[in-house]
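The values are calculated or read from the model by the stated rules, or taken from the named source; none is laboratory data. The structure presented is a predicted model; accordingly, all values stated were derived computationally and were not measured. Note that each Cβ is placed from the backbone with ideal geometry, even for glycine, and that neighbours are counted across all protein chains shown.
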Amino acid sequence: MSIVLAAMAVVIFAAILIPPYLSPSHNVFPSSVSYDSGFGFTMYLTLNSTTVAPLGHLLITGWLNSSSDSIDNLTAADSWALSVGMLWERQCTPGWPIGIGLMSGHYDQDNYTLGTLLQPAIPDVRCPESGSPQYFLFYPHSTEALASVNGDPHRWTITMNVTLWQGSLSPKALPGVPSPSGLPPGVYTAVFADEWGDVLTASFRVS
């Protein structure tokens, strides 16, 4: 009887101490989420699947879509809520306003600050020097914006994709390049962030 009571105490103790973001109580995650930013656009984050098999892949897509009926002038900022160096961004594009990252565990809008971004594998690419945008002119109800760089307009589509092969941390950049070892089985969270401080999350499971 004492052994049974001791086992019950251990189970209760573990249930209290193990945070739900490390051991989520549910197994079904939404594959598409959105967030209405106070800066005049809606953030979208989608996953092609919320379960990644050992030999499978995961496509993470994030984008900003203007919610305004007219052209919206948005001043560039550097108010990232997360370390921008730990996010995938568009290569050779200084001032790119969005990024995607990964965390181990289940996190949402309320507790993502408790998580730690996993180090992304980013290719070392030599890029030409260029300035960063001073502002963005978002087209009405569109993902496109004119980015003013050194006074010159550049038409950008504010969207990006990251493909994780076999659950690895490295997006497949070139055909035939072998991917590194995959993530251990468990629950992970894709994080989509912008330079104005907005964050959107979507979780998935690696089996």
Response to the item:
Per the filter on the stretch 67-98, residues among the β-branched types (Val, Ile, Thr) and crowded, with 19+ Cβ neighbours inside 10 Å are Ile98
Practice prompt. Only residues that are over 17 Å from Asp36 (Cβ atoms) and in a loop (DSSP other than H, G, I, E, B): list them for the stretch 63-78, please.
Written response: Ser70, Ile71, Ala76, Ala77, Asp78
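The rows are residues; the columns are (1) at pLDDT below 80; (2) of a type in the set (Asp, Glu); (3) within 23 Å of Gly38 (Cα to Cα).
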site: Gln109; (1), (2), (3): no, no, yes
site: Asp124; (1), (2), (3): yes, yes, no
site: Gln134; (1), (2), (3): no, no, yes
site: Leu137; (1), (2), (3): no, no, yes
site: His141; (1), (2), (3): no, no, yes
site: Ser181; (1), (2), (3): yes, no, no
site: Pro185; (1), (2), (3): no, no, no
site: Gly197; (1), (2), (3): no, no, yes
site: Arg205; (1), (2), (3): no, no, no
Worksheet item: Which residue out of Val33, Val28 is at pLDDT below 95 and either buried (at least 18 other Cβ atoms within 10 Å of the Cβ) or hydrophobic (A, V, I, L, M, F, W, C) (or both)?
Response: Val28
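How many of the residues making up the stretch 79-118 are assigned to a loop (DSSP other than H, G, I, E, B), under 28 Å from Arg205 (Cα atoms) and free of Cβ contacts under 8 Å to residues at least 40 places away in the same chain?
The total comes to 4.
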Worksheet item: Of the numbered conditions (1) farther than 19 Å from Thr46 by Cβ; (2) more than 16 Å from the chain's Cα centre (by Cα); (3) surrounded by 16 or more Cβ atoms within 10 Å (Cβ to Cβ), Pro140 satisfies every one except a single condition; which is it?
Response: (3)
Discussion item. Can you report the number of residues in the stretch 49-66 which are surrounded by fewer than 16 Cβ atoms within 10 Å (Cβ to Cβ) and at pLDDT 95 or above?
Written reply: 0
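Taking Asp152 as the residue in question, decide whether it is among the charged types (D, E, K, R) and at pLDDT 95 or above.
Considered against the rule, which asks whether it is among the charged types (D, E, K, R) and at pLDDT 95 or above, Asp152 comes out as no.
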Discussion item. Can you tell me which of (1) in contact with a Phe, Trp or Tyr (Cβ under 8 Å, 6 or more places away or on another chain); (2) surrounded by fewer than 12 Cβ atoms within 10 Å (Cβ to Cβ) is the one Ala145 doesn't meet?
Written reply: (2)
Item to complete: Hey, can you tell me all the residues within the stretch 119-135 that are closer than 20 Å to Asn161 by Cβ, touching a residue at least 40 places away in the same chain (Cβ under 8 Å) and surrounded by 16 or more Cβ atoms within 10 Å (Cβ to Cβ)?
Response: Pro120
